[in-house]
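Everything below concerns the one structure shown next.
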């Protein structure tokens with residue numbers, strides 16, 4: 001009997017996940033859009049023309065704005081809603097899903113104020129059973145066009161991690177399994193903050209040396225943060241950690257890097273965000289990381305400077321100087 005999979009979200013990554021999952025004939029896939037008009041447009045065009053123009057939907061993909069139609073008898077729920085909208089989106093849907101449905105988060109962020117990870121929010125809002133995370137270097141534009149990529153499926157249960165691995169694996173999308181859900185989820189969130197810093201370097205006209213140093217020290221910060229919260233340090237040396245960080249910091253597709261680059265060139269954060277069709281998760285995550293690091297006593301110098309540039313009026317050059325003039329230390 002085919003597995004029934006519901007995807008919550010209509011962004012580029014939600015759409016790319018739908019295309020991946022449709023490649024297996026034994027999977028029935030429904031893509032739910034919060035806005036019924038958006039669902040109608042995508043059904044008419046048979047593509048997400050706004051975010052992934054030219055990438056056609058397979059005939060077997062159901063796109064709907066009706067949560068009852070999308071969630072009917074779902075075996076798996078793939079959550080692809082940005083962190084800042086996640087709780088408000090999920091809370092009204094609690095009664096739509098069967099109790100014990102398996103949730104797979106592809107969200108990369110940490111909620112402001114509560115400082116909760118997406119999987120924690122999902123557990124609070126929906127009657128889910130097991131929860132997994134899919135993360136790694138996987139820009140939607142490339143995945144949707146079947147360019148090769150590799151990511152990680154993480155779950156506390158090795159069996160669930162393997163099931164998610166099998167669900168998403170194609171001849172152009174390789175999935176590894178991992179038991180460190182916490183580490184994979186934190187790596188996906190924090191790399192976006194470092195991505196903003198990399199963009200600031202580019203916007204200021206800095207060279208490759210600066211970006212290389214930033215990425216290297218950035219993964220040190222991410223690892224320190226994750227280990228302090230209970231994650232496995234080895235996770236951050238893999239695809240979910242350094243792999244995703246590299247893509248975020250160097251790719252022209254990166255929304256977070258793009259935000260940083262425009263800030264480095266002198267634009268205001270409000271103007272940048274109001275002009276973007278998609279969410280740059282690293283902006284809100286920077287505030288959450290700032291609060292968590294203060295709460296837990298974790299040293300996060302790069303993330304701290306990103307926070308001050310975004311929210312406390314510090315200039316990008318002043319932030320750079322603050323990092324470069326820190327007291328000398330061993331690596």
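Couple of notes before you dig in:
- Whichever residue in the range 113-122 is touching a residue at least 60 places away in the same chain (Cβ under 8 Å) and under 15 Å from the mean Cα position of the chain (by Cα) and, among such residues, is nearest to residue 12 (Cα to Cα): 118
- Each residue in the range 272-296 was checked for being surrounded by fewer than 19 Cβ atoms within 10 Å (Cβ to Cβ), under 18 Å from residue 221 (Cβ atoms) and free of Cβ contacts under 8 Å to residues at least 40 places away in the same chain, and 1 pass.
A quick yes/no check of all residues on (1) within 17 Å of the chain's Cα centre (by Cα); (2) farther than 20 Å from residue 132 by Cα:
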| residue | (1), (2) |
| --- | --- |
| 29 | no, no |
| 32 | no, no |
| 48 | no, yes |
| 54 | no, yes |
| 106 | yes, no |
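- Some residue of the range 234-252 being at pLDDT below 95 and at negative phi: yes
- Residue within the range 78-93 that is touching a strand residue (DSSP E or B) at 6+ places or on another chain (Cβ under 7 Å) and at pLDDT below 95 present: no
- Filtered by the rule that a residue be more than 23 Å from residue 229 (Cβ to Cβ), surrounded by 15 or more Cβ atoms within 10 Å (Cβ to Cβ) and free of Cβ contacts under 8 Å to residues at least 60 places away in the same chain, the range 297-322 gives a lone residue, 314.
The values are calculated or read from the model by the stated rules, or taken from the named source; none is laboratory data. The structure displayed is predicted, hence computed values, not measured ones. A quick note on method: Cβ atoms are made from the backbone with ideal geometry, for glycine too, and the neighbour counts reach across all protein chains shown.
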